[in-house]
Amino acid sequence: MNKAITDGLVLMPPPFAAGLNVWSSGEGTPGSPTYQGAANAALVPADQDFGGCLELLKTQPTQRLRYMGETPILPGCYLRITARVKAISGNLPTVRISAYAAGAGGAPLAGVTTVGPAVPLQTYGEVVTVSAIVGTGARGGVDMAWGTAALYGHFGLDLTGPTGGIVRIDDIEIEDITGAFLRTMMDWVDVRDYGAVGDGVTDDRAAFVAADAAAAGREILVPAGVYRIASTLAINSPIRFEGRLSMPAAARLSLLQSFDLPTYIDAFGGDEMEGFRKALQALFNFSDHDSLDMCGRRIEVTEPIDVQAAVVNQSTFTVRRVLRNGQLNVVEGPAWNTTAVTSQATYSTAAQFQLTGVTNIANIPVGSLVVGNGVGREVYVRSKNVGAGTLTLSRPLHGGSGTRNYTFRRFRYVLDFSGFSYIDKFVMQEVEIQCNGAASGVLLPPDAFAFQFSDCHFIRPKDRAITSHGAGCYGMQIDRCQFLSNEQSVPAQNRTSICFNVNNNDVKVRDCRAMRFAHFAVIAGTSHLIQGNHFFNGDEEPDGLRQAGIVLTEPTSRSVIVGNYIDNAFIELTNEHSANPVWNNQFSFGGVTITGNLFFAIGVAPWFRWIVVKPYGSGHFLQGLTVVGNTFQSVNAVVDRVEAVDSSIAPLDMTRARNVVFQGNSFNNVAQWTANPVTLTFTQNTAQAVWSCDFAPWLPFGGRARTVEGIVAEGPITEGGGARVNAMPYVDLEQGPGGTQARLNWPVAARGRVRMVARMDQPV
């Protein structure tokens, strides 16, 4: 910094030859005496050492020479005053730089130093240089520190000591030397001062390391240029980029004091994708920070981000890491096109997770969705062995053994973690993924534990928001996330996009909101908690069809669905991910608690149902299913009932139902309410020895009357003639068409009214 150069500030006093009327023998203030016409001062036009100069006879104990011009004192600016002096004759004086320090109104500043170091003249004709530095700050090397109250100064010199001596004085110089203090004044160091070239060819790594060592807590400045860094670099100081770095993919950049996404983007010349990849690389190789803060930055994503390829040197990772606070915005282009490959392959139920003899296997990408006859929803390619011609699947196929044609569709994801083999405890927090109908959101690793999404937004995913193509969903948590579909105007039955799928156990999905997808979730595995979510999948179609909001594909999933707002969608229980879907002594449908939910529908067809069981093989039954305390409401349509069995592939065996609880629910615009156990009143007006009591409409899922828990007569039971019947009847269960009747057998023909409690199951 030099104010004379940068601001055109005039600091240098005029030469003595220009006139002595601006040179004072006092303090230099207005009205003080000058050397113009003084008897003890004369101009020397030519001196062998100085050229033109001032010859001065010392007549006072302190002979002053001050420039009367007002030299400004600026905060942060440091001036050096220099004078060259030689003794000619007479007594030898001592010389020093001196000044008048002016404050507000030109008044002298009290308590500040106004003189520099004193230098005695010892030999006639010897040129002696004296100087002093003045400025506002008391820095090392500053002779006169005046503080910020100083406005200007009158500068010159003093001759002290005995009088009578004659000296000659060269023109006095005042110069801005603030640059001499930059390294201690400024809070940054420049990599160029340590050898950085910035030509894009020279390896500047050593210069960056040296600048980092010298910074001592100050910021490093990387000025304009392209700085090639050929190997991994860690910077311990804060850093600011005006220029850009060029680094190989495998070389890591760890900015330990500036670990945030905007700095990484600046480091690579504003290349958002490269900066983001390098920041992710550092996140997975950086022990001092557990999170990458995007600082609210929006990244224009032009192609899928292969996270493992960005990290390069890690394929497994078991330490918590967090990506937070930013937006990934997809820019449409061919990089997002879905790859579709159709191949022939053989499936055997003896190897439930494998396809063999796969044709064209080299062209089938890992992470592809498998589509074909006998394939359930959300079955993916977990891995492949090209040499053996085999594919490993995320879930078994229900279609049985055989050779078939399958289509493999590989969606493109903004963040693709499939290149890792295992990740533990990765968190995405307050990240918005704007898929813009062109891309899917996140593809999980094939194996992981406790992957977490919290307060994230998935906007308009083309196919999927979150996909698990293996066991990467184990222990996954999805909390307070929002999913907005790209299929808002598509009729519900034609939608194909899905919020997320699950293949493993212990998933928790809480307080999320999803709008107009084909499915909110397709869930395999067990021990899940689905709580407090609102997903609505309706449309404006009259008598509209609906798809399942939640699909549970494990017959006994040991899961709780509690406190959700299930809007124009239903819960579907299937076993479509069973290689042997026919019941064979395994657990059957149940192990699910559905409680405290708000079920709602508007404008649906009468045959719509909110809870559907769909067996993919025969012999299955209900066991351990709890539906308690829910509200079912339809608007602008009356729904026949709330539950059903989809027997399009196979029926349920209702003779084996056990431990089913369907109670405490409320029904609005539902033609037939259901309960288990159910309490009904039956009236027999004519005396009969056998009363047929039919529970068919009230038992859920078309259940049979398998148990009667109680019979209470309401009023007297009488014979035809009016005599009271005091004997109890016995009950024949599962009578009539469908086994929905319980028959009361009286010892005599009787009439009257009874209240009965029946169940469709055995409550054990």
Within segment 589-616, considering residues that are free of Cβ contacts under 8 Å to residues at least 40 places away in the same chain, not charged (D, E, K, R) and not in a strand (DSSP E or B), the one farthest from Ala524 (Cα to Cα) = Trp607
Starting from residues that are of a type in the set (A, V, I, L, M, F, W, C) and crowded, with 22+ Cβ neighbours inside 10 Å, keep the ones in segment 374-395 and report whichever is nearest to Asp463 (Cα to Cα).
-> Val379
Cβ-Cβ under 8 Å pairs, at least 6 apart or on other chains, segment 176-190 side within 12 Å of Arg240 (Cβ to Cβ) and in a strand (DSSP E or B), far side modelled with pLDDT under 70 and not hydroxyl-bearing (Ser, Thr, Tyr) | Val189/Arg183
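Limited to segment 274-295, what total is found for residues that are in a loop (DSSP other than H, G, I, E, B) and surrounded by fewer than 18 Cβ atoms within 10 Å (Cβ to Cβ)?
First, the residues of segment 274-295 that are in a loop (DSSP other than H, G, I, E, B): 284-290.
After this cut, where a residue has to be surrounded by fewer than 18 Cβ atoms within 10 Å (Cβ to Cβ) as well, the list is 285, 287-290.
Within segment 274-295, residues that are in a loop (DSSP other than H, G, I, E, B) and surrounded by fewer than 18 Cβ atoms within 10 Å (Cβ to Cβ) number 5.
Is it the case that Ile229 is of a type in the set (Val, Ile, Thr), farther than 30 Å from Glu70 by Cβ, buried (at least 16 other Cβ atoms within 10 Å of the Cβ) and at pLDDT 95 or above? Spell out how you get there, then give the answer.
Values: of a type in the set (Val, Ile, Thr): yes; farther than 30 Å from Glu70 by Cβ: yes; buried (at least 16 other Cβ atoms within 10 Å of the Cβ): yes; at pLDDT 95 or above: yes.
Yes; evaluated as a whole, the condition is true for this residue.
State the number of residues belonging to segment 124-148 that are within 50 Å of the chain's Cα centre (by Cα) and either part of a loop (DSSP other than H, G, I, E, B) or among the polar types (S, T, N, Q) (or both). I'd like the intermediate steps shown before the answer.
Our first condition is that a residue be within 50 Å of the chain's Cα centre (by Cα); within segment 124-148, this holds for 135-140, 147-148.
Next, only the ones that are either part of a loop (DSSP other than H, G, I, E, B) or among the polar types (S, T, N, Q) (or both) stay: 136-140, 147-148.
Here the count works out to 7.
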If you go through Ala675, Ala750, the only one that is modelled with pLDDT of 95 or more and touching a helix residue (DSSP H, G or I) at 6+ places or on another chain (Cβ under 8 Å) is Ala675
Please work out if Val642 is within 17 Å of Asn564 (Cβ to Cβ), among the β-branched types (Val, Ile, Thr) and modelled with pLDDT of 95 or more.
-> yes
With respect to Thr160, determine if the residue is within 30 Å of Ala17 (Cα to Cα), modelled with pLDDT under 95 and either surrounded by fewer than 16 Cβ atoms within 10 Å (Cβ to Cβ) or not acidic (Asp, Glu) (or both).
-> no
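Counting only residues that are closer than 12 Å to Gln354 by Cα, in contact (Cβ under 8 Å) with a residue 60 or more places away in the chain and not in a strand (DSSP E or B), how many does segment 371-388 have? Even if it seems obvious, please write down each step before you answer.
First, the residues of segment 371-388 that are closer than 12 Å to Gln354 by Cα: 379-385, 388.
Those left that are additionally in contact (Cβ under 8 Å) with a residue 60 or more places away in the chain: 379-383.
From what's left, not in a strand (DSSP E or B): 379.
Adding up the residues that qualify gives 1.
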Mind telling me which of the residues Val604, Val592, Val562 ends up being in contact with a Ser or Thr (Cβ under 7 Å, 6 or more places away or on another chain), under 24 Å from Arg656 (Cβ atoms) and among the aliphatic types (A, V, I, L, M)?
-> Val592
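Kindly state which strands (runs of 3 or more DSSP E) lie completely within segment 1-113 and contain at least 3 residues that are closer than 15 Å to Val134 by Cα, within 60 Å of the chain's Cα centre (by Cα) and in the same structural domain as Arg168 (by TED's automatic domain parsing). Please lay out each step first, then the result.
Numbers: elements: 41-44, 53-57, 62-67, 78-89, 94-102.
Passing ranges, in order: 78-89.
Show me the strands (runs of 3 or more DSSP E) entirely contained within segment 618-701 in which 3 or more residues are among the aliphatic types (A, V, I, L, M).
On the way: elements: 622-628, 631-635, 643-645, 658-663, 666-668, 678-694.
Fully inside segment 618-701 and qualifying: 622-628, 678-694.
Among the candidates Arg320, Arg228, Arg244, which residue alone is more than 20 Å from Asp416 (Cα to Cα), among the charged types (D, E, K, R) and touching an Asp or Glu at 6+ places or on another chain (Cβ under 7 Å)? If you could, list the steps in order and put the result at the bottom.
Working: Arg320 fails: more than 20 Å from Asp416 (Cα to Cα); Arg244 fails: touching an Asp or Glu at 6+ places or on another chain (Cβ under 7 Å).
Testing whether each residue is more than 20 Å from Asp416 (Cα to Cα), among the charged types (D, E, K, R) and touching an Asp or Glu at 6+ places or on another chain (Cβ under 7 Å) leaves just Arg228.
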Those residues of segment 166-198 which are over 30 Å from Val85 (Cβ atoms) and in contact with a Lys or Arg (Cβ under 8 Å, 6 or more places away or on another chain) amount to Thr184, Met185, Met186, Asp187, Trp188, Val189, Gly198
Inspect all residues belonging to segment 646-665 and state whether any of them is of a type outside the set (Lys, Arg), within 30 Å of Ala723 (Cβ to Cβ) and modelled with pLDDT of 95 or more.
-> no
Considering residues of segment 217-226 that are outside any loop (DSSP other than H, G, I, E, B) and surrounded by fewer than 20 Cβ atoms within 10 Å (Cβ to Cβ) only, the residue farthest from the chain's Cα centre (by Cα) | Val226
Do you know which of the residues in segment 438-459 that are aliphatic (A, V, I, L, M) and part of a strand (DSSP E or B) is surrounded by the fewest Cβ atoms within 10 Å (Cβ to Cβ)?
-> Ile459
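Which one of Thr136, Thr202, Thr184 is polar (S, T, N, Q), under 30 Å from Pro238 (Cβ atoms) and at pLDDT 90 or above? Step through it out loud before you land on a result.
On the way: Thr136 fails: at pLDDT 90 or above; Thr184 fails: at pLDDT 90 or above.
Exactly one of Thr136, Thr202, Thr184 is polar (S, T, N, Q), under 30 Å from Pro238 (Cβ atoms) and at pLDDT 90 or above, namely Thr202.
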Of all residues in segment 261-271, how many are surrounded by 20 or more Cβ atoms within 10 Å (Cβ to Cβ) and under 15 Å from the mean Cα position of the chain (by Cα)?
-> 1
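So, Phe589, is that one assigned by TED's automatic domain parsing to the domain that holds Thr655 and closer than 23 Å to Glu540 by Cβ or not? Talk me through it step by step, then tell me what you get.
On the way: assigned by TED's automatic domain parsing to the domain that holds Thr655: yes; closer than 23 Å to Glu540 by Cβ: no.
For Phe589, the condition - assigned by TED's automatic domain parsing to the domain that holds Thr655 and closer than 23 Å to Glu540 by Cβ - is not met.
Each row is one residue, and each column tells you yes or no for (1) touching a Pro at 6+ places or on another chain (Cβ under 7 Å); (2) surrounded by 19 or more Cβ atoms within 10 Å (Cβ to Cβ); (3) hydroxyl-bearing (Ser, Thr, Tyr).
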position: Leu397; (1), (2), (3): no, yes, no
position: Gly402; (1), (2), (3): no, no, no
position: Tyr406; (1), (2), (3): no, yes, yes
position: Arg412; (1), (2), (3): yes, yes, no
position: Phe417; (1), (2), (3): yes, yes, no
position: Ile423; (1), (2), (3): yes, yes, no
position: Met428; (1), (2), (3): no, yes, no
position: Ile433; (1), (2), (3): no, yes, no
position: Asn436; (1), (2), (3): no, no, no
Candidates Pro729, Pro700, filtered to the one that is assigned by TED's automatic domain parsing to the domain that holds Arg753, under 56 Å from the mean Cα position of the chain (by Cα), modelled with pLDDT of 95 or more and under 29 Å from Asp653 (Cβ atoms) | Pro700
Where Ala196 falls short, out of the listed (1) in a helix (DSSP H, G or I); (2) hydrophobic (A, V, I, L, M, F, W, C); (3) surrounded by 15 or more Cβ atoms within 10 Å (Cβ to Cβ) | (1)
Does segment 104-132 hold any residues that are in contact with a Phe, Trp or Tyr (Cβ under 9 Å, 6 or more places away or on another chain) and farther than 27 Å from Gly165 by Cα, and which are they?
-> Gly106, Pro108, Leu109, Val112
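The values are calculated or read from the model by the stated rules, or taken from the named source; none is laboratory data. What you see is a predicted model; the values in this text were computed from it and never measured. For neighbour counting, all protein chains shown are included, and Cβ atoms are generated from backbone atoms with ideal geometry for every residue, glycine included.
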